[in-house]
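Q: Just passing along the structure, written as structure tokens.
The values are calculated or read from the model by the stated rules, or taken from the named source; none is laboratory data. On a predicted model such as this, the values are computed, not experimentally measured, just so you know. Here the Cβ is made from the backbone with ideal geometry for all residues, glycine too, and neighbour counts use every protein chain on show. Heavy atoms of the whole protein, side chains included, go into the accessibility calculation; ligands, DNA and RNA do not. Shrake-Rupley method; radii C 1.70, N 1.55, O 1.52, S 1.80 Å.
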Amino acid sequence: MTDHLTAIDWPVRTGRLVLRRAREADLDAIWAYRRDPSVTHWLSAAPSTIEAHRVSFVERGHLAHMVLVELDGVVVGDAMIRVEDAWAQAEVAVGARGTQAELGWTIDPAYAGRGYATEAARALVDVSFGALGLRRVYALCFADNEPSWRLMERLGMRREQYLVKESLHRSGDWLDAVGYALLAEEWPR
Ligand SMILES: CC(C)(COP(=O)(O)OP(=O)(O)OC[C@H]1O[C@@H](n2cnc3c(N)ncnc32)[C@H](O)[C@@H]1OP(=O)(O)O)[C@@H](O)C(=O)NCCC(=O)NCCS
């Protein structure tokens, strides 16, 4: 599997934050806030033990796409850049390989509401269109996850999808989802 994130000159510094790649040794720091049900409520997985968390992040390969967000040396959240192929017709599929990325973000609730997630996400978009040379980034969330789609709108991402009762939440309810995207030519350098 290609490790796309090696193309980035880590760590990435923003006005207040340092972004770096996640390692197995960071699992405890990540678990400290990801064990909080208010954090995992909208996330794809909610491991209930640190061992399940380890399996989810190490064995399922999540660390490969994960970026840690640090403030003054303290891990305050994480983010994701998952590079993937765009959809293409068979004859031109080679040209669509590794041209877009799914982005994601999680902030420790103790550090929410101060713009840190937005600042980190802005840096992800910068490296996606810069060092990674991608042509499109996108993000998905449950429609009721307003903090997440508000962040996408702060970044200037465009709502391109509203999916009705498309996603099954662990509560057992089929929920609406939204999809946002941004093209490289739309991102001010
Ligand atoms: C999604 C999530 C990361 C958003 O966190 P957040 O704290 O709202 O986002 P930020 O850290 O960017 O902070 C933005 C808030 O701080 C405010 N703010 C303060 N200073 C700011 C600054 N310098 N820059 C930008 N916003 C600032 C903004 O106005 C905004 O508040 P508002 O929503 O009341 O208007 C967070 O809710 C989370 O981790 N949720 C759980 C995991 C999750 O759902 N992830 C997404 C899955 S799709």
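Q: State which residue is least open to solvent (accessible area, probe 1.4 Å) when the search covers only the range 135-189 and only residues that are closer than 21 Å to Glu119 by Cβ and away from the ligand (no atom under 15 Å from the Cβ).
A: Leu182
Q: Give the residue that is nearest to the ligand (Cβ to nearest atom), with candidates limited to residues of the range 103-131 that are closer than 23 Å to Leu183 by Cβ and open to solvent by 30 Å² or more (accessible area, probe 1.4 Å).
A: Trp105
Q: Let me ask another. Of the residues Ala79, Ala45, Ala101, Ala7, which single one is farther than 17 Å from Asp126 by Cβ and either modelled with pLDDT of 95 or more or of a type in the set (A, V, I, L, M, F, W, C) (or both)?
A: Exactly one residue qualifies, and that residue is Ala45.
Q: To continue, here is another question. Output the number of residues of the range 4-34 satisfying the condition of being under 15 Å from Tyr116 (Cα atoms) and either among the basic types (Lys, Arg) or part of a loop (DSSP other than H, G, I, E, B) (or both).
A: Going through the range 4-34 one residue at a time, the tally reaches 6.
Q: Return the only residue of Thr2, Thr40 being β-branched (Val, Ile, Thr) and under 24 Å from Trp149 (Cβ atoms).
A: None of the others qualify; the one that does is Thr40.
Q: Going through Arg122, Arg114 one at a time, which residue ends up being under 18 Å from Gly15 (Cα atoms) and part of a loop (DSSP other than H, G, I, E, B)?
A: Arg114
Q: Could you figure out which of (1) in contact (Cβ under 8 Å) with a residue 12 or more places away in the chain; (2) within 15 Å of the ligand (Cβ to nearest atom) isn't true of Glu24?
A: So Glu24 meets the others, but not (2).
Q: Looking only at the range 83-98, which residues are out of contact with any Leu (no Cβ under 8 Å at 6 or more places or on another chain) and within 25 Å of Val39 (Cβ to Cβ)?
A: Glu84 - this is the single residue of the range 83-98 that is out of contact with any Leu (no Cβ under 8 Å at 6 or more places or on another chain) and within 25 Å of Val39 (Cβ to Cβ).
Q: For Gly133, state whether it is assigned to a loop (DSSP other than H, G, I, E, B) and within 17 Å of Glu185 (Cβ to Cβ).
A: So Gly133 passes the test.
Q: While we're on this one: When both residues are 6+ apart or on different chains and their Cβ atoms are under 6 Å apart, which pairs have a first residue that lies in the range 110-135 and is of a type in the set (Val, Ile, Thr), and a second that is open to solvent by 60 Å² or more (accessible area, probe 1.4 Å) and within 9 Å of the ligand (Cβ to nearest atom)?
A: That search, which allows pairs on different chains as well, returns Thr118/Arg154.
Q: Among the residues that make up the range 57-69, is at least one of them among the small types (Gly, Ala, Ser) and open to solvent by less than 30 Å² (accessible area, probe 1.4 Å)?
A: Within the range 57-69, one or more residues are among the small types (Gly, Ala, Ser) and open to solvent by less than 30 Å² (accessible area, probe 1.4 Å).
Q: Also: Report, by residue number, each residue of the range 157-189 that is in contact with a helix residue (DSSP H, G or I) (Cβ under 7 Å, 6 or more places away or on another chain) and not in a helix (DSSP H, G or I).
A: If the condition is that a residue be in contact with a helix residue (DSSP H, G or I) (Cβ under 7 Å, 6 or more places away or on another chain) and not in a helix (DSSP H, G or I), then Val178, Tyr180, Leu182, Trp187 are the ones that fit.
Q: Also, I was wondering about something else. Just checking, which of Ser56, Ser48, Ser38 is assigned to a loop (DSSP other than H, G, I, E, B) and either among the hydroxyl-bearing types (Ser, Thr, Tyr) or on the phi > 0 side of the Ramachandran plot (or both)?
A: After applying the criteria, what remains is Ser48.
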